[in-house]
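The values are calculated or read from the model by the stated rules, or taken from the named source; none is laboratory data. For clarity, every value in this text was computed on a predicted model and none was experimentally measured. We place every Cβ from the backbone using ideal geometry, glycine too, and count neighbours over all the protein chains shown.
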Amino acid sequence: MVDSSSSMSTSSVTTPPSPFRASILQGKVALITGGATGIGFEIATQLAAHGACISLMGRRAHVLEAAVSSLEKAGFQAIGLQGDVRKKEDANRVVEETVQRFGRLDILVNNAAGNFLVVAEDLSPNGFRTVLDIDAVGTFTMCHAALKYLKRGGIGRDPSESGLIINITATLHYTAQWYQIHVSAAKAAVDSLTRSLSLEWGTDYGIHVNGIAPGPIKDTPGMEKLAPEDAGMDQAKRETWGEKWDIALTAVFLASDAGRHINGTVLAVDNGAWLKKPAP
Ligand code: HXC
C-alpha cells in the first residue's frame, strides 16, 4: 500500500491510502505536460508513488525545478523539461530527452491547458485560437511526437506491451458553460481526439487512449482562476469539490493492469456533478 496522503501533496486535505500496490507501475516511464503544478503534479506524484519514472514538461523553469526537487526529495526519479506544447520542436525534444534519460516512454498524460473566464462577445478570435492551440492542437502534437515510443514494441519495451495516452479534459462541454466558449470547444476536440486515436492507434499499435474529465477540484490553479475564494461562493458548495488525488488515482488505475481493456473512453471524475446542473 502506498501512503498517498504524503507530504508530496500541497493540499491541506487528507486523502485515503492508495488501494494499489506501490510497485504496480515499476519500470514504466510517464511524461506529464503541465506536470509541475495542480492536477498534473498530483498525477506525477501518484504515478511516481506507484513505481513510475517521471518526466515533467512545462513552460516555467523555476516551477519545474521546484516540482522535480519535491519529487526527488520523496525518493522518486524525475526530470523537468522546459517546453510549450504548441511548438512541435519542443514536443519532439521533450519526448526524445525523456527517452534518452529513462530509456523508454510508456505513459503520456496530456494535462497542459489554458483557461480564463470571458464572455464570448469580448473574446477575440486569437484568444479563442490560443486555448484551442494549447488544449487540442497541443494534445495532438504531443501524441504525434510520442507515437513511435508508445507503439507496441517501442524502444525499451517488451514486444507485446504498448503504451497509454491519458488526455485530461473537462465536463463543461457536455452541456454549456458561461464564459467558457473557448475551453468548451477545446475540450470537445480533445474528447474527439481520444476516440479517433484510440480507434486508429489502438487497432494498429495497441495503444490505449483514454480521457479523464475532472469536475471542480480543490486547490488547483484552474479553479482559483474560475472560482476564486474571494468571489463569495458558498463554502458548503466548495466542500463538494473533488481532490487532486481523485484524478491522480484514476490515472494510476488506467495505467495499471486493471485498465487493460479500457480504450477510447472518457471517465468523468466529478461525483456525478455534471448531471446535476440546476435548471434555469
Ligand atoms: C480575454 C484573453 C485573456 C482574458 C488572454 N486573452 N487572456 N482574452 N480575457 N483573461 C487573449 C489575449 O488578449 C490574446 O488575444 C490571446 O488570448 C493570447 O493571449 P496571450 O496572453 O498572448 O497568450 P499566452 O501568453 O500564450 O497565454 C495563454 C493563456 C495562458 C491561455 C492566457 O497563459 C493561460 O491561461 N494560462 C493559464 C493556465 C491555467 O489556468 N491552467 C488551468 C486550466 S484549468 P489578442 O486578440 O489580444 O491577441 C482547465 C479546467 C477547465 O482547463 C475546466 C474547469 C471546470
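Observations
- Answer from I134, I107 - the residue that is under 24 Å from M223 (Cβ atoms) and either touching a helix residue (DSSP H, G or I) at 6+ places or on another chain (Cβ under 8 Å) or at pLDDT 95 or above (or both): I134
- Failed item, numbered, when W201 is tested on (1) within 15 Å of G38 (Cα to Cα); (2) away from the ligand (no atom under 15 Å from the Cβ); (3) of a type in the set (A, V, I, L, M, F, W, C): (1)
- Count - residues of segment 146-172 that are crowded, with 21+ Cβ neighbours inside 10 Å and assigned to a helix (DSSP H, G or I): 3
- Of all residue pairs spaced 6 or more apart or on separate chains, those with beta-carbon atoms under 6 Å, a first member in segment 81-100 that is free of Cβ contacts under 8 Å to residues at least 40 places away in the same chain and a second member that is of a type in the set (A, V, I, L, M, F, W, C) and surrounded by fewer than 21 Cβ atoms within 10 Å (Cβ to Cβ) are Q82/A61.
- Checked against the criterion of being surrounded by 18 or more Cβ atoms within 10 Å (Cβ to Cβ) and not aliphatic (A, V, I, L, M), the candidates S192, S198 yield just one match: S198.
- Checking each residue in segment 120-154 for being touching a residue at least 60 places away in the same chain (Cβ under 8 Å), within 16 Å of the ligand (Cβ to nearest atom) and within 14 Å of N110 (Cα to Cα) picks out G138, M142.
- Segment 196-209: number of residues that are touching a helix residue (DSSP H, G or I) at 6+ places or on another chain (Cβ under 9 Å) and either assigned to a helix (DSSP H, G or I) or closer than 21 Å to S18 by Cα (or both): 3
- Among the criteria (1) of a type in the set (A, V, I, L, M); (2) near the ligand (Cβ under 8 Å from one of its atoms); (3) within 18 Å of G35 (Cα to Cα), the one I212 does not fulfil is (2).
- Positions within segment 190-215 being among the small types (G, A, S) and without any contact (Cβ under 8 Å) to a residue 24 or more places away in the chain, in sequence order: S192, S196
- The set of residues from segment 215-235 being in a helix (DSSP H, G or I) and more than 9 Å from the ligand (Cβ to nearest atom) comprises E229, D230, A231, Q235.
- Selection within segment 95-119 - within 13 Å of the ligand (Cβ to nearest atom) and either closer than 19 Å to Q82 by Cα or aromatic (F, W, Y) (or both): N110, N111, A112, A113, G114, F116
- For segment 171-225, filtering for residues that are over 23 Å from R238 (Cβ atoms) and among the charged types (D, E, K, R) leaves 4.
- Odd one out for I107 among (1) more than 18 Å from the chain's Cα centre (by Cα); (2) closer than 30 Å to S23 by Cα: (1)
- Selected residue [touching a helix residue (DSSP H, G or I) at 6+ places or on another chain (Cβ under 8 Å), within 27 Å of D158 (Cβ to Cβ) and modelled with pLDDT of 95 or more] from V2, V94: V94
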